Amino acid sequence: MQSLPRLILATRNAHKTAEIRAMIGDRFEVLDATAFPDFPEIEETGTTFLENARLKAEGISRCIDGWVLSDDSGLEVDALSGAPGVWSSSYGGEEGNHAKNNARLLHEMADQQDRRARFRCTMVLARGGVEQAHFSGIVEGKLVESLHGTGGFGYDPLFIPEGYDQTFAELGDSIKNSLSHRSRALDQVVAYLL
Ligand code: ITT
């Protein structure tokens, strides 16, 4: 039997890896940075999703042969002029603390009538330290006023995608993965690679 082509994800976010793995199915063998303890920690010093995605994909692809894929993503809220945006993972003051991030978002949105928001995902494919292509996916939606649901991660309990009346955290993985920002970017990645 022929072995699957390998795709290395430039992430240590287990939720991203699980979603990407589920969406990719048996088309690629998907590994992430947690499988390679020697990979460096890449500092996200960019001010756009693309800059950060590029830093991650190019940085990790200098350490290993083959295709490396990064995902830089976040939530943009219209009433907050696009915040938390690129700083989504540390919005509550502590990197990767989803409870604090959600608490801050609820606080900032307390008196806001305009609840429109979107998730954005930018992915970069790199080899040998050089970007080969980048892709972007968006899902529009609105924010609710309290946490709903236990699925997904991050801001999922606060975000209702357009066309639905439940949050991503209530809708569950298969619906989220059929329409998320991440799935829309990943579809383009897969089309490019295949
Ligand atoms: P890596 O850099 O290692 O990939 P990270 O979690 O730091 O992992 P980002 O810098 O791209 O990744 O920040 C993404 C943040 O955006 C994440 O922590 C969540 O707060 C939010 N986010 C992104 N996609 C999301 C999703 O599908 N559902 C909920 N929140 C999401």
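Read-outs: derived from the displayed coordinates by stated rules, not from any lab. Keep in mind that this is a model prediction, so the values were computed, not measured. Positions of Cβ are generated from backbone atoms using ideal geometry, with glycine treated the same way; all protein chains shown enter the neighbour counts.
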Determine, for Val30, Val190, the number of other Cβ atoms within 10 Å of each Cβ, and report the residues in order from fewest to most. Val190, Val30
Between segment 100-158 and segment 74-89, the Cα center-to-center distance that results, in Å: 8 Å
Please tell me the relative contact order of the chain in percent, rounded to the nearest whole number, where contacts are Cα pairs under 8 Å and at least six residues apart. 18 percent
From phi via Karplus (6.51, -1.76, 1.60), per-residue ³J(HN,Hα) for segment 68-85 in Hz, x at Gly/Pro: 10, 10, 10, 9, 10, 9, x, 10, 10, 10, 4, 5, 10, 6, x, 5, x, x
Give a residue-ordered list of calculated ³J(HN,Hα) values for segment 186-194 (Karplus: 6.51 cos²θ - 1.76 cosθ + 1.60, θ = phi - 60°; whole Hz; x for Gly, Pro). 5, 3, 6, 4, 5, 4, 5, 6, 8
Cut-off is 10 Å between beta-carbons; in what order do Asp165, Asp32, Asp72, Asp78 appear when sorted fewest neighbours first? Asp165, Asp78, Asp32, Asp72
Helix-only mean residue ellipticity at 222 nm for the chain, each DSSP H run of n ≥ 4 adding -39500 (n - 2.57), per residue, nearest 500: -9000 deg cm²/dmol
HN-Hα J couplings of segment 33-49 from phi, Karplus 6.51/-1.76/1.60, θ = phi - 60°, integer Hz, Gly and Pro as x? 5, 5, 7, 10, x, 7, 4, x, 7, 8, 6, 8, 9, x, 10, 10, 4
Non-local residues with an amide H under 5 Å from the amide H of Glu140, with H modelled 1.01 Å from N and Pro and chain starts lacking one, are Glu162
Length gain on complete extension for the stretch Gln112 to Ser81, per 0.36 nm per residue less the alpha carbon to alpha carbon distance? 9.9 nm
How large is the charge dipole for the chain, taken about the Cα centre, if only the Cβ atoms of Lys, Arg (+1) and Asp, Glu (-1) carry charge, to the nearest 20 debye? 340 debye
Taking the alpha-carbon distance from Lys100 and a cut-off under 23 Å, which lysines remain once sequence neighbours fewer than 8 residues away in the same chain are dropped? Lys16, Lys142, Lys176
